[in-house]
Each structure stands twice: as structure tokens, then as C-alpha cells.
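Okay, so here's the structure we're looking at.
The values are calculated or read from the model by the stated rules, or taken from the named source; none is laboratory data. No experiment lies behind these values; they were computed from the predicted model shown. With ideal geometry, Cβ positions are generated from the backbone for all residues, glycine too; neighbour counts draw on all protein chains shown. Note: accessible area is taken over every heavy atom of the protein model, side chains too, but ligands, DNA and RNA are not part of it. Shrake-Rupley method; radii C 1.70, N 1.55, O 1.52, S 1.80 Å.
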Amino acid sequence: MSTLRVDEVSVRFGALVALDAVSFTVEPGTVHAVIGPNGAGKSTCLNVLSGVYRPDAGRVYLDDRELTRLRPHHIARLGIARTFQNIEVSGAETVEDNLMLGRHHLMRPRLAATAFGLPSVAREERRHRTRVREIADFLGLSAALDRPAALLPYGLRKRLELARALAMEPRLLLLDEPVAGMDGAETAEMADVILRVRTELGVTVVLVEHDMGMVTRIADRVTVLDFGRRIFDGSPAAMAADPAVVEAYLGGAPSSTKEPA
Amino acid sequence: MSDRLNRLMPKAGWVAAVIVLLALPLYVDGFWLSAGLVAMAAAVGAVGLTLLVGAAGQLSFAHAFFLAVGAYGYACFSGEPGAATLGLGLPPALGAALAIAVTGALGLAFSPVASRLRGIYLGVASLSLVFVGQHLLHNLTGVTGGFNGRDTPMFTLAGFDVTGSEPPVTVAGVPFGATERLWYLGLVALAGAGVIARNLLRGRTGRALRMVRDSEVAAAVLGVDVRRSKATAFVVSSMFAGAAGVLSALALDRVVPDYFGLLLSVEFLAMIVIGGLGSVGGAVTGAAFVTLLPIVLARYSGVLPLVADAGSGGVDAAVLARFCYGAAVVLVILIQPDGLAGLGRRLRARLGPAVPSLQEST
Amino acid sequence: MRKNALRVVAVAAVVALVATGCSTKATRSGGATGTDGVRTGPGVTADTITLAALTDMSGPFAPIGKQLVQVGELVRAEVNNSGGVCGRKLEFQVSDHGYNVQKAVTLYKSMEPNSLAFLQILGAPINAALAESVTRDKVLTLPATFAQALLANPYVVLPGATYDLELVNGVAYLAEQGRLARGDAIGHIYQEGEYGASALAGSRYAAEKLGLKLVQRQVKATEEDMASYVTSLKAEGVKAVLLTTSPKQTASVAAVAKSVGLEVPLVGNNPTFTQSLLDTPAGPALRANFLWSSTVAPLSADRPGPKAALAAYTKAYPNEKPSYSVGSGYGAAKVFVEIVRKACQNKDLTRDGMAKAFRQLGQVDTGGVFPPLDFSKPGKPSTTASGIAQPDPALPGGLKEVRAPFVSDLAKEYPAGADAK
Amino acid sequence: MSNLVELVINGLSLGSIYALIALGFVVIFKATEVVNFAHGSMLMLGAYVIAATHGRIGFPAAVAAGLATAATVGLLIDRLLVSRLRRRSHTALAIVTIGVDIVLGAELARRVGTEVLNMGDPWLDHTWRVAGFTFPVSRLAAIAVALVLIVAFAALVRYTDWGVAMRAAAEDAEAASLMGIRLGRVSMVAWVVAGVLAAVAGLFLATFPSPGLSATASTTALRAFPAVVVGGMDSLSGAVVGGLVIGLAETLAAGYSEQLLFLGRGLGDVAPYAVMIAVLLWRPTGLFGTRELSRV
């Protein structure tokens, strides 16, 4: 189990400060939500964690290992998987092949052996396909294995992306708005899946989310960003009562009390 | 019963195709074999290019350059030592293998540029390889023979002339000369190229390449080293081009710089687009279409209606061939984005149920 | 499943074997002796002799290729109307390679087995690519180019002086006219490849012998704007510019030279000029300074050969604009027919018979299209003479002869042929 | 020294034509993200129409006809192909324009043959001499026209609705379309403008010191590719700078070919591409091109 530590991270795009010295720590085995209004810097934060952006200042550590200077595929190989807000799956590929892509870094890179179709390559493929089917089972995608990803309904595609991330056998899972665009029932299902990922697979989850209800329901801990700055870090219960959060995030009106600001 | 028949049909088709290809030298004359050889050489190159452009999504105009490296490389490694142009006199099979390796190495040398540049910038940058290549081919006369090029060394394998007539072989009354023998070498090369490309596309490498094409960011967070993948695609594609170059050199008897110009690169792009980007079978079909169309039209222009006599100022065979494949490129992208490969898949799907797709789709 | 696949293979194999038994390719025509006692080879039957032309009718040299084929047809009709050769009619097999090497090589393979000889193979890169095959197949060919390297090939028929000799005579002409003196600089703009390399050998030789300083500029066939080359030649103070270029490059050189005040003679090889240049803005500059140094006579020359070629051509193709290729094509076809006639006299219409007849030809008179030709010395040009002409838009072909073909003293000493460097 | 000055003048005047060609590429790329490989054929078509008609209708009317024809072809390519393929990859679109180029190029090459067609321009081979240096009038006209067109075009981009729309589309096509910008119109105008620019460039490419229009004109247009890339595909000022840089590189390499002999003969043709590669290694999106944000 490993701890993710974000230490004074800043990201600027020209004059715009997307993240301003943000720090928080993700404890192993928890579901940690990062929330905030639009433009608060949530996605930027996730992009820094997965190595897509390099911060202008500050560091990110996984246990004692610094991630900030690593390229994204190195970070992925350390066991950090992520999903995207706008689903990034290969539409023309089957669900199974999309999932196999998650196994990429677990398979040995043997170009020549692959080219000449050596039996050992076929054996390795088979082994990973077996595991991929298990993961598909876990997320209820078994029936769709042979279908091209583009033909799946939206909710299933979101789930496929999550399954692909799980196929990487990660220690840490970064989810970018996993329930965006879903209806109530789908949201509930997804929340359930995320909890099972944590409890049954023991994967730590960092969740960027908009949906307040879902966050309070499943997160163990919440970090709230506003205009790139951290304005809160603590338990969901404490967040609901925090005046700064209420002011910034809930537009001045906590949904529970409907009290004017 | 019909179920079994359906399953057997494609297999029988393949077997029949292989037998026809094997028996062809017994029936058709040198022209057709020679045209077929050129098409097979092109097909090997096209398969390589479809890995790069179709699967990895990297537009490249440099293919003609890599073909030239393969062709000239073979001529240098296996050429007569002591002649006017550099020749190391290595055994032809070794020379060919080294030529392919050198092409791959040059692809690797260019890959820092390739992996830094995206999409269209790469396409345009790769144009420069063709022009710089032409410049070198014309100026390094000691190696390339300059404008007039140099002869292709004969291909012999364990004392057997593949591009000659020693020892004499006659099958069913047909003497097997250079063209007939080379035909089989072409078949072996093409089959090898096809199988290797399919293995690569179906496995870990191919999946990674297609993800890089669809989204570099997504590929990277999945643990794919994007730069390395792009470089791999470039190197592998160059090696296919190198093999195609060796085969072209053998088919043409002589390598001349004029052949490896921009037009050739454009023709290769046309092949893989017409065939269907990213499909091995499509690349082969496209190569056959683009190379055979002008040759066949030129040969039979006298018989075809609508085709004016060459030189009469009307639309002659060569112009017609260019119209045809220019229009084919436009039409394929406009109405049949999967190219001939997609068309084939659709036809098969309509003819028989549950026929497994033979192509790696994009 | 596996069993079925095996069965399919077995059936297919049987089918293939049966089919093989009736292969039609097994019978191939070989050498034979006809009833008239004439030995025949590929392309010759009891009543026809087939000659091939592998030419460019759709590429960059299409108009040249087209006119060469057209005059070839005229000569063929003439010969067939007067009874043919050896009681056989001449047939042509024409293919268009569009200046594409790969197409040319493939087409050659289809034409070679059915032709006695190649009346024409057009294009320097194509001739280079086919040189090996031509030697192996021992097939007599006539390339529509005058590069000296071709002389080394015993199966190549090259009527006329080579490019190097054209320039040797051209420079000698300027010196005779007093337009060049010892110590002067002359420029030479030439295309890369055999065309330029061949001409360069001549200009180097002439410059050395006459004590001139030669300033070389190599250009690519695709370059069009000659301004920077001319500017740099002007800076060298050249007194004349030799051109081994495309017509378009010639025009650019002439126009730029005039505009930068470089009013010196421009001497070009035979492929450097076409009549349509005179309609462009470069026309006046060309008329003022251009000299055409060519082994081919201009169409307007007052000799029976060019006159006959022009008359026949304008009669058959009244709407076409004849160029000097009409003359050279006519002369070349005549030479080729002479070779076939000679082979016929020897009763040997085979490839070897053609090669032998070619060397036995002796003096050939093309009515003044080419200077008198002598093919008896392998490796040597058939003549060392070339003439000088000037642009004149009023005449057919746009050129007026100012000096009939001559062999300059310089050319007499020139080690012409395959051994020249 | 005077040699150098004359070469620089040559280079800049040639460069101004490359700039015009490059500008046409960039307009289309900026507005529609299509790399137009048919630009060379459009250029040649415009020039061909001028060459073929000036004898009957006079030079000014022929120029108008040439510009109109090239613009119409631009319009047709946009309406018939580009507008239908907007959702497809840029590579697919680039390849479609290659198809168009093959067809159009084959037909034009067939019509021109090996002739050298006179453009019928009033500048002929006139030159203008100042302080011992010679300036071809046609190239001065080219520079003047290029300047006028570039200024006019810059004004078009800056001050008109279309310009605003094009810049918005270049920033983010999806957002622009959500904001009510008609991408179709942006693309259409871009192709028409590019057609006009191509025809103008074609005219000057085929006038003095070139003797006229020949079948190889469209390959010369290929040399504007390095110009575009050196400047940056989406930068209008980059196109102008790139054009001049490439023109200079080519002319100097040709003019000093003897001094540069160790690099081989015929260097003028390759110099533009060598410069391009050097620039790309230094800045992967050209001198003025927009850099991409994401780091992978």
C-alpha cells in the first residue's frame, strides 16, 4: 500500500494560474475526492498526477518516489491508472482489445518474437486474455467483449474505461468525473463499482467529481479546490459544514440548509 | 452441412489463391510475371507504410527514400567488389538482410524527428528525406553510380540462381528463367511481410500503435511509451520499405535514382488509402491496383475503347491511369473510408454469416 | 475440420496438376529458317518484321516521343508501299512508358520477345536502366539521345555526333568568328546526368585546348529560374555561355542574361531549343544571342533529307508543328531500315544478324538530316560533324542554318568515343 | 560583393512568390486544418488559364479569368470534399487533396505538354537599374502585389467578421461553432482566397526570369512547403518570413554552388528542405507556429 503526497504544486498557463501551491495527501486504501467548481483546477490536478502536465513548481510523491519529473508511461508503470472525462477508448477496437491495452505494461516487449509469431507470445497473450475476461466479469462487461467499443452505450463505455484502467492492476486509480452525464441509476451503479474496487481489489481511488451527492456518499476524504487554491481538506461531513466551501462551491447556498450567504 | 461449408469456404479460397499464384509462371508470359513482381514489391512496401500511416497514424512521404536505401544497400553489399561503384561482394541473402537492417537503422536515425513532430508536420518534414535522398543518390557517385544508377547484383541462394538461369530448370515443359524464379522469391517475401505485419498488428505492438494514433495522452497514461512506439513504427515500416527496395531492385535489374522520387511516395500513399488504411490485405490490393493499372492500360491501350492513341493529344492510357487512381483516392475517402478492404469485409459479411475477418481493422 | 482442409488441398492440387499438363507457355518460338532461306529470330514471321518503340507519349518528353513515332510510321508506310523488306511488311509495336523507369522495364519485358529490334528507346534514365537487358538480349536499339557513354554498348545505334562533339564544334566556331580569345572565360550550364556529363567532356576539352577558363554550373532538370546561375556567371566575366539544358532553362538563361547585361553568345546542344520559346518574352534575347550547335539538321536546311521529312510530315499531319525531332526521327528510321535491308541481304533476320548487318553498313546517307554516317568502328561516334543554326521564327522548326555541318580542327584531334573522358 | 547583393535581391524576389504560395497554404490550414496538397495544381490551373486566354481577351481579363478559375476550383474542393469530410482525420483530408492534385495535375500536364506557354504579361523581360543593380520589373511587380495582398489579407483577418470567425475557428473549432460561427462559410472563404493567392503566385512564377508556363510549374510550388513549415503552419506572418528565408536559401545555394561544391552539385534544389529540417529540429512547430500544450 502506498501513499500519494501532493506538495505545493503550481501550474500556470501563461497568465492563468490553474493550480496555486496545492497540497494534499491520499492515504492508502481510501477513496479520496477532489472537488470544486468549474475551472477550479481539478482536471489540471489529475493531469499533473498522471504526468500529462509537468508542474511549474512543487512535487508529487508516491511513497518516497518523486513522480513530478517522470513521463506519463513511467508513472503508469508505477501502478497509477486513470480515466478521462471525455472517454478515450479506441472505438474501432473490440472491448476485449481495449482491455488488453491495459495489460500493455505488464506484457514483455518482444517485437521480433511478436513479428514471427513465436508460441511463447501466443501463450502470453492467452494468459492476459484470461485475466482481462475476469476483469470484464467483475465490471459486468462480459457480454460485450467482442463488440467494437464505439457501439457500446455511453454508460458502458465509461465503465469500459474504468475496466481498462483496472486491467493495468494499479495501486492507485485516478478517475476523472466517472459519473458525468449519467442518470441517477447509472450513477448509483458506478458508485457501487468504485467502492467494490476499493474494498475487493484494495485499490486506492482518487476521484475528481462534480456530483456532490456521490462524493459525500463514497469518499473517505475530500479536497476542495477553488480558482486553483485548496480551500478545504478533510472528511465529507466536515466539508458540508465548512463556510469557505459553502461560499465557493455551493454558490453561497449549502444545499442542506438553504441559508442565504 | 451448409454451416461447415461456410466455415470451409474462406479456407478453400486461400488454398486456391495460393495454388493459382504458385502455378502462374507456368501459364503467363514474362510481361505479366514482371508486372506481378513489381506489384509484389510494391505490396511489401505498402504493408509497411500501412503500419506507419494506418495503424500508428503517422503521415510519411519518406517511403521512397527508404525504398532507395534498401535497393542501393543491397547493390552495395552484394555488388561485385572492385567495380566502378562500391561493392562488398557479400552473399546476396546476407546483402539483402543487411540492406533491410541498414534501412531500419536509418529509420531509427530519423525517428527523433518523427517522434518530435505530429501529424502533418511530420508529413511535410518527411518530404525532405525524399529530396535530400535524391540529392545524395545523384552525388555519391562512388556508391550509387549517380544519375545512371547501378546494376542489381544477381540473387543466388546456395548455388541456385534466383535471378539467372543456372542450373537450368524446366517444369512441365516451361523453362524457368530469371523472371519465373524471381516470382517465387517475390511470393515468399510478400507472404512473409503479410504474416509479420498481421502478427504485429494483432499483438501488443499493434494495439499500442492504434492507441497512440487515437490519443497520444491516453496511450501514455496506459503505460505506452509514445515516443518509443512512434519510433518503432518508423523503424519497422522502414524495414518493410527496405525489403520492398531489394525486391524492386531485383525486379528492375537496375536501380536508378529517378525511380525513387516523390511520385513513388505519393503512389504508396494512394495504395494504402485505396486499400483501406491499417489493413494488410487492403495494402496488398491497393498496391496491385496502383502498380498494375498503368502498366496494363499501357499494354492494352490499343484494344480499349475510349483510350486515345498515345501521343494523339487525347486522353491516353497513362493519363487515364492517373485519372483513375487520383479519382479512386478521392472516392475511397469520400464514400468508402475503409477502402477495398472494408468493401471486401462487407461483401463477405453479406455472402456468408460468421466469416472471421481476415484483416486487422483500424 | 483439419481433414476437410486436407481434402481441399488435395483436390486443388489435382486440379493444378491437370491444368499444368495443358500449359500453353511450354511452346515458345525460337530461331528457325524460313522457306525463303532467311534465318529468322524473334519478331520475324513469314510475312512480317516487328520493330518495337518504347517511348514517352504521356510524360515530359511526350511531344518529342510523339513526333518520333509519327515520322517512324511515315517511313514504315514508305517502305511497305514499295514492297517491304525481304518480302515482309514492317510492323511497329509502340508502348508508352511515360518516362517512368519501372513501367519501361516491365513493358520492355513484354516487347522484347516479340521484336527483332528497338527502333526507339527514349529517355536517358530508361536507357540506363535497360542497358544491361539490351546487352543480354543482344537486341539492337536506337536511343533518342546522343550521350557518348552509350557508344560503349555494341547494340546501340547512335546516328550523329555525340553531345561533347556538338560543343567542341560550337566553341571552335565561336573562336573562328573571333568571339573568343585565349584567356577568356566561358560558362557552361548543364543538367545533371548523362546528358550534362557528356557535354561537359566536350566543353572541358575545348576550353583546355583553346586556353579558356571554363566556369561550370550544374542544374537539376526541374529547376526553372536560372537567375542566380546567370548572375554568378556574369560575376565571372564570361564571354560565352554553353547550354546543356532543357528548352525552358535555355529561355530563362537568355532572358536573364539580356536583363543583367550579359550580351554574349549562348551555344546550346540539340535538345536545348523548341520553336515555342520564340513566342515567350525570351524570344528577342534568343534571336539576338542563341546559337544551336547540333548534329541534326534544322528542318529548314536546304538538303533532300530535311526537305523530304518536312514535306512528308506536313502532308500527313497538317495541323502539327514540326520540330527538329521530325528530321532526326526520319533520319534514324531510315538508318534502321537500312540495317534491316542489310540483314535481309545476308539472309539473317536474327538478333545476331542485325548486329552484324549494323557493323557492315558502311557509309549511310540520310539525305543530309545527319552528316554522312559510318558505323563500322565500334565505340566511335558515327560522325564528328555538327552544324550551327540560329533562331528564326519565320521558318519551320524556328531555326535557320548558318553553317552546314563541319568538323572543326579541334574536333579532329578530339579523342571522341567511349574512351574520351 | 555585387554578386552577393544581386543574389540577395533575386532571393528576396523569388521568396516573395514563395510567400504568396505559402500564404495560400496557411489560410486553408488555419481555417480548416487541411493541408492542401492540391495547391500546386490550383496554382498551375490559374497560370494555365491566363496563358491560354490572354491572346484572345487581353492580359487583364485573362488574369481575372485565371483568378476566377482557381478560386472556383478552391470553392469546389471545399463544397464537394472538405465540407463533407469535416469530421474525418486531417490525414484523410490531406490525402483527398493529393487525389485531387493527381487528377488536376495529369490533365494540366497533358494540356501543356513540353510547350513553354507565354503568359502575355506586360513586364516582359524589362528591368530597372539602380546604382548598378538590376531589378526585373516582373519581380518588382510580384513584390508589390505580394505586399498589397498580404496587407489586404491581414486587414481581412483583423477587421472583418470573417477574420474574427476564422481566428476563432483556428483556436477551437468546436467552441466556435457552438458560439454560432458558421464554420462552413469560414472554410469556403478560405479556399476561395487560397485559390486567388495560388493563381497570382502562378502568374509570377511563370513570368520573367522564368520564360513561361511549363508542365513542371506545380513541382516548383512544392518548394513552398518548406516555406510554410519554416514559418509555422498556422502563422500568416510566418508564411511570409518562411517564403523569404526559403527563397534566399535556394538562391544563395545555387549562386555559390561552386564554393559549396563539397556538398554536391545541384544544391539549390535541396537547400530549402535542409533549412526546413534544421528549423524543425530546433522548433517542432516552425518559427511562428503555435506550440501545443500537452506533454506526453
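Within region C:232-266, track down each residue that is facing chain D (nearest Cβ under 7 Å) and touching a residue at least 40 places away in the same chain (Cβ under 8 Å).
Listed by number, the list is empty, since nothing qualifies.
Kindly evaluate C:L54 against the criterion of being within 14 Å of chain B (Cβ to nearest Cβ), open to solvent by less than 40 Å² (accessible area, probe 1.4 Å) and either part of a strand (DSSP E or B) or at pLDDT below 90 (or both).
It is true that C:L54 is within 14 Å of chain B (Cβ to nearest Cβ), open to solvent by less than 40 Å² (accessible area, probe 1.4 Å) and either part of a strand (DSSP E or B) or at pLDDT below 90 (or both).
Check off (1) away from chain B (no Cβ under 14 Å); (2) more than 20 Å from D:F25 (Cβ to Cβ); (3) in a helix (DSSP H, G or I) for D:F135 and give me the number that stays unchecked.
(3)
Look at region A:69-94 and say how many of its residues are among the polar types (S, T, N, Q) and surrounded by fewer than 18 Cβ atoms within 10 Å (Cβ to Cβ).
Qualifying residue count, region A:69-94: 3.
Looking at A:G41, A:G36, which one is in contact with a helix residue (DSSP H, G or I) (Cβ under 6 Å, 6 or more places away or on another chain) and at pLDDT below 90?
Exactly one residue qualifies, and that residue is A:G36.
Please enumerate the residues belonging to region A:196-216 that are touching a residue at least 60 places away in the same chain (Cβ under 8 Å), in contact with a Pro (Cβ under 6 Å, 6 or more places away or on another chain) and open to solvent by 10 Å² or more (accessible area, probe 1.4 Å).
The answer is none; no residue qualifies.
Can you name the residue in region D:82-118 that is over 21 Å from the mean Cα position of the chain (by Cα) and farther than 30 Å from D:H54 by Cα and, of all such residues, is most open to solvent (accessible area, probe 1.4 Å)?
Here the residue is D:R87.
How many residues, within region B:84-106, are free of Cβ contacts under 8 Å to residues at least 60 places away in the same chain, open to solvent by less than 60 Å² (accessible area, probe 1.4 Å) and not in a helix (DSSP H, G or I)?
Selection size over region B:84-106: 2.
Any residue that is within 11 Å of chain B (Cβ to nearest Cβ), among the hydroxyl-bearing types (S, T, Y) and either in contact (Cβ under 8 Å) with a residue 40 or more places away in the chain or assigned to a helix (DSSP H, G or I) (or both) - is there at least one of those in region D:43-60?
Looking for residues that are within 11 Å of chain B (Cβ to nearest Cβ), among the hydroxyl-bearing types (S, T, Y) and either in contact (Cβ under 8 Å) with a residue 40 or more places away in the chain or assigned to a helix (DSSP H, G or I) (or both), one finds none in region D:43-60, hence no.
Being open to solvent by less than 30 Å² (accessible area, probe 1.4 Å), within 10 Å of another protein chain (Cβ to nearest Cβ) and not hydroxyl-bearing (S, T, Y), is that true of even one residue in region B:148-156?
yes
List the helices (runs of 4 or more DSSP H) inside region B:163-279, counting only whole elements, that have at least 1 residues being more than 10 Å from every other protein chain (Cβ to nearest Cβ), of a type in the set (F, W, Y) and open to solvent by 10 Å² or more (accessible area, probe 1.4 Å).
So the answer is B:178-202, B:226-252.
Every residue in region D:204-219 that is at pLDDT 85 or above and open to solvent by 10 Å² or more (accessible area, probe 1.4 Å), please.
D:L205, the sole residue that qualifies.
Quick one: count up the residues across region C:57-78 that are open to solvent by less than 10 Å² (accessible area, probe 1.4 Å) and either over 20 Å from the mean Cα position of the chain (by Cα) or at the interface with another protein chain (Cβ under 9 Å from one of its Cβ atoms) (or both).
1
From the list C:G379, C:G368, C:G362, C:G331, exactly one residue is among the small types (G, A, S), surrounded by 19 or more Cβ atoms within 10 Å (Cβ to Cβ) and on the phi > 0 side of the Ramachandran plot. Which is it?
So the residue among C:G379, C:G368, C:G362, C:G331 that is among the small types (G, A, S), surrounded by 19 or more Cβ atoms within 10 Å (Cβ to Cβ) and on the phi > 0 side of the Ramachandran plot is C:G368.
Having 2 or more residues that are assigned by TED's automatic domain parsing to the domain that holds A:V246, more than 17 Å from the chain's Cα centre (by Cα) and farther than 19 Å from B:L209 by Cα is the bar; report the strands (runs of 3 or more DSSP E) wholly within region A:20-135 that clear it.
A:57-62
Quick one: which of D:V241, D:V245 is under 13 Å from the mean Cα position of the chain (by Cα) and either polar (S, T, N, Q) or open to solvent by 40 Å² or more (accessible area, probe 1.4 Å) (or both)?
D:V241
In region D:251-280, which residues are more than 7 Å from every other protein chain (Cβ to nearest Cβ) and in a loop (DSSP other than H, G, I, E, B)?
D:Y256, D:E258, D:Q259, D:L260 - these are the residues of region D:251-280 that are more than 7 Å from every other protein chain (Cβ to nearest Cβ) and in a loop (DSSP other than H, G, I, E, B).
Given the criterion in contact (Cβ under 8 Å) with a residue 40 or more places away in the chain and more than 11 Å from B:G186 (Cβ to Cβ), identify the matching residue among B:L37, B:L51.
Just a single option satisfies the conditions, and that option is B:L51.
Kindly establish whether D:R79 is surrounded by 22 or more Cβ atoms within 10 Å (Cβ to Cβ), among the basic types (K, R) and part of a helix (DSSP H, G or I).
Criteria not met by D:R79.
Here are B:S78, B:S34, B:S60: which of them is over 24 Å from C:S133 (Cβ atoms) and of a type in the set (S, T, N, Q)?
Result of the check over B:S78, B:S34, B:S60: B:S60.
Whether any residue in region D:179-195 is within 14 Å of another protein chain (Cβ to nearest Cβ) and open to solvent by 10 Å² or more (accessible area, probe 1.4 Å) is what I want to check.
Within region D:179-195 (the criterion being within 14 Å of another protein chain (Cβ to nearest Cβ) and open to solvent by 10 Å² or more (accessible area, probe 1.4 Å)), the answer is no, since none of the residues qualifies.
Just checking, does region C:275-292 include any residue being at pLDDT 95 or above and under 17 Å from the mean Cα position of the chain (by Cα)?
Yes: one or more hits.
On the given criteria, is C:A129 away from chain B (no Cβ under 13 Å), touching a Leu at 6+ places or on another chain (Cβ under 8 Å) and buried (at least 21 other Cβ atoms within 10 Å of the Cβ)?
Judged against the criteria, C:A129 is not a match.
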